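This report concerns only the one structure given below.
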Amino acid sequence: MWRVIWQPALLFLTPFIGYAVLLILRRTAPFSSRHWTQGTISILTLAGLAAAIAFMLTYGLLVERHKGAYVPAHIENGRLVPGRME
């Protein structure tokens, strides 16, 4: 469950982290307000959203699909049988 939340969140944050690393490499103060203008934040937000949406669409189209019916977990002869695809 956490993977579903963290993967898009990290992809969204990637442009912000990259910009901060770029500022550090240029030896400027990465947390100075003059580098984080409204325009810069808007561009980084759009880039992060595009990366997260592109990943989710690509993952959704390319992930392996299981064919068949799902059999939920149940009890057989007093033992728990885990759910599975048939």
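Please treat every number below as a calculation from the coordinates, not as lab data. Fair warning: this is a prediction, and the values are worked out from it, not measured in the lab. Virtual Cβ from ideal backbone geometry, glycine too; neighbours counted across all protein chains shown.
Here are the numbers for the structure shown:
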read-out	value
DSSP-loop chymotrypsin sites (Phe, Trp or Tyr not before Pro) across the chain, with at most 12 other Cβ within 10 angstrom	Phe31
Potential extension, Thr14-Ile41 segment - 0.36 nm per residue separation minus Cα distance	8.4 nm
Folded to 0 to 90 degrees: helix 2-25 orientation relative to the chain principal axis, Cα	20 degrees
Longest DSSP-loop-exposure-free segment, trypsin sites (Lys or Arg not before Pro), the chain, at most 13 other Cβ within 10 Å	35-64
Angle in degrees between helix 38-62 and the longest Cα principal axis of the chain, rounded to the nearest 10	20 degrees
Within-12-Å neighbourhood charge of Ala69 [Cβ basis; K, R +1; D, E -1]	+1
Reported label for calculated Cα extents along the principal axes in Å given (i) 39, 28, 27; (ii) 48, 27, 19; (iii) 68, 27, 21	(iii)
Cα centroid separation, the range 20-34 to the range 39-53 (Å)	18 Å
